[in-house]
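K.L.:
First, the structure itself, so that you have it in front of you.
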Amino acid sequence: MAATRRTNAQRRRTRRAVGIGVAIAAVTAVGAVAGWFAVDAMLRADAAERPAASGSTPTPTGTPTPSPTPLTPAQQLLAGSTDPNTCAVSFAGDGVDIAPVLETQGQLYTALPIPARDGQVFAGWYATTDDAAALSIPGRLNGADAVACDARERTVHAAWMAPDANAAAATRVPILMYHQFTTRPEGESGWLRGNYAFVGDWEAHLAYIAEQQFYLPTWAELSAFIDGRLFLPDRSVIITDDDADPTWLELAVPLVEKYRVMTTSFVITVNGAGPELTPYVLKRSHTHDMHTAGADGQGRIVNWSHDEIVADLETSAGVLGGTKEVIAYPFGHHDDAAKQAVADAGFEMARTIEPGYVAIGTDKLALPTVRINYGMTVDDLRKAIG
């Protein structure tokens, strides 16, 4: 076989030599320029056929190294975190141009924004585009929900509605007000009997709210709703407790954790902030040391000077980590001077004990409430909140 390959190669070289000779002859017969072009082509072909010299290495052509795919904004956020529970939340929807934020899986959302869009009312963040289109309460996400991600990322979807549709919904939001709790079905005795909710009724209330999938607005959402910037469904409710009484901590809070229903505890901070028992209890101010009678028998908040009220509220906010969303007036007492002092202390809202529901345009410094008294059953609650 080797001999055959050598013979074939010799024949090709002989034919090529003959061809080159013919081409050279053509220089004379046809003309110098055209002939030498033919010679050059033959010489190039001959060089290509010859094997490389011994010891030489062909130049590799190789495949170019591809450029790395750029990281998405969410991936860039995650690249800076080593916490496996970190989740990058991205925002999608018409008119939405918001950078992703980092949240922590298993913890409550802390950074869901309330965007604005000309001629539209924001209608919330939703788990899917279908939920957003349907304004589905079970699919709506806010600070009352725990973060759940897939591969450390998730996208939430915006919904919008026309201002006329938001007004036509005529949503009314109840703020429930509880105080103390008792394990005695027959209730407590004394003049504060009405303040003590039977813990069995309390659990039934939480179970009803959870099972019926009521929406639990944050205070920031309630503020935006009052301004007409945010739609809230009619099946919304805010649950509050006054005083952070020991019975609240011992009897009520464990059931809040069990049902994972967001509540707010209005704390008298002269007694301290109290223990951190569950993320489902927000702590807000019931003032620092104004939950006592003033000179005229009314609460200190309608007796003290403007500067004294502001200083008290500043102290209270400091005990609670600086939050200034909302206070509850001690005993419900307030007047225009008290409202002004609350605003000057940097608080946006204040809850009274006056009966009623929050609607678009409600006075933020005089939020009404639905008082829960001893003996109120689930049927009573249903009548009050739907």
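The values are calculated or read from the model by the stated rules, or taken from the named source; none is laboratory data. Predicted model only: the values in this text are computed from it and were never measured. Note: accessible area is taken over every heavy atom of the protein model, side chains too, but ligands, DNA and RNA are not part of it. Shrake-Rupley method; radii C 1.70, N 1.55, O 1.52, S 1.80 Å.
K.L.:
Which shape class, rounded, prolate or oblate, goes with region 232-271 when its Cα gyration tensor gives a ≥ b ≥ c as root eigenvalues, a/c under 1.5 marks rounded, and past that a/b bigger than b/c marks prolate?
P.N.:
Details: a/c = 3.51, a/b = 1.54, b/c = 2.29.
Since a/c reaches 1.5 but b/c is at least a/b, the shape of region 232-271 is classed as oblate.
K.L.:
At 1.4 Å probe size, with no ligands or nucleic acids counted, give the accessible surface of residue 188 in Å², nearest ten.
P.N.:
That residue has around 50 Å² of solvent-accessible surface.
K.L.:
Once neighbouring chains are kept in place and the probe is 1.4 Å, which whole percent of the accessible area of region 258-386 is contributed by carbon and sulfur? Walk me through the numbers on the way to the answer.
P.N.:
Working: 2780 of 5570 Å².
Reported share for carbon and sulfur atoms: 50 percent.
K.L.:
A follow-up question, please. Return the tail of the calculated pair distribution for region 208-313, meaning the percent of Cα-Cα pairs more than 25 Å apart.
P.N.:
Details: 2025 of 5565 pairs.
Of all Cα-Cα distances in region 208-313, 36 percent exceed 25 Å.
K.L.:
Starting at the first residue of region 99-112, write each ³J(HN,Hα) from the Karplus equation 6.51 cos²θ - 1.76 cosθ + 1.60 with θ = phi - 60°, in whole Hz, x for Gly and Pro.
P.N.:
5, x, 10, 9, 10, 10, 4, x, 9, 6, 4, 10, 10, 7
K.L.:
Residue by residue through region 197-203, what is 3J(HN,Hα) from phi via Karplus (6.51 cos²θ - 1.76 cosθ + 1.60, θ = phi - 60°)? Round to whole Hz and write x for glycine and proline.
P.N.:
Working through the residues one at a time gives 7, 5, 4, x, 5, 4, 5 Hz.
K.L.:
List the lysines whose Cα sits under 27 Å from the Cα of residue 258, skipping any in the same chain fewer than 8 residues away.
P.N.:
Here the lysines satisfying the reach criterion relative to residue 258 are 283, 383.
K.L.:
With a 1.4 Å probe and all protein chains kept in place, how do 260, 284 rank by accessible area, largest first? Present the calculation step by step, with values, prior to reporting the outcome.
P.N.:
Details: 260 140, 284 35 Å².
Correct descending sequence by accessible area is 260, 284.
K.L.:
Would you check the accessible area of residue 226, probe 1.4 Å, heavy atoms only, in square angstrom rounded to 10?
P.N.:
Its accessible surface works out to 10 Å², give or take rounding.
K.L.:
Got a sec? What order do 149, 87 fall in by accessible area at 1.4 Å, biggest, i.e. largest, first?
P.N.:
149, 87
K.L.:
What is the spread of the Cα atoms of region 145-294 along each of their three principal axes, largest first, in whole Å?
P.N.:
Principal-axis extents of the Cα atoms in region 145-294, largest first: 51, 42, 31 Å.
K.L.:
Let me ask another. Let a ≥ b ≥ c be the square roots of the eigenvalues of the Cα gyration tensor of region 132-187; is it rounded (a/c under 1.5), or, if not, prolate (a/b larger than b/c) or oblate? Could you put the intermediate results ahead of the total?
P.N.:
Numbers: a/c = 3.99, a/b = 1.41, b/c = 2.83.
Oblate, because a/c is 1.5 or more while a/b does not exceed b/c.
K.L.:
Enumerate the calculated ³J(HN,Hα) couplings along region 118-133 in order (Karplus 6.51 cos²θ - 1.76 cosθ + 1.60, θ = phi - 60°), each rounded to whole Hz, writing x wherever the residue is Gly or Pro.
P.N.:
Result, ordered by residue: 4, x, 9, 10, 5, 10, x, 9, 9, 5, 9, 5, 5, 4, 5, 5 Hz.
K.L.:
Also, I was wondering about something else. Restricting the count to DSSP beta bridges whose residues both fall in region 194-350, what percent are antiparallel, rounded to a multiple of 5?
P.N.:
In region 194-350, approximately 10 percent of DSSP beta bridges are antiparallel ones.
K.L.:
Can you classify region 181-268 as rounded, prolate or oblate using the Cα gyration tensor, where a ≥ b ≥ c are the square roots of its eigenvalues, rounded means a/c under 1.5, and otherwise it's prolate if a/b beats b/c and oblate if not?
P.N.:
prolate
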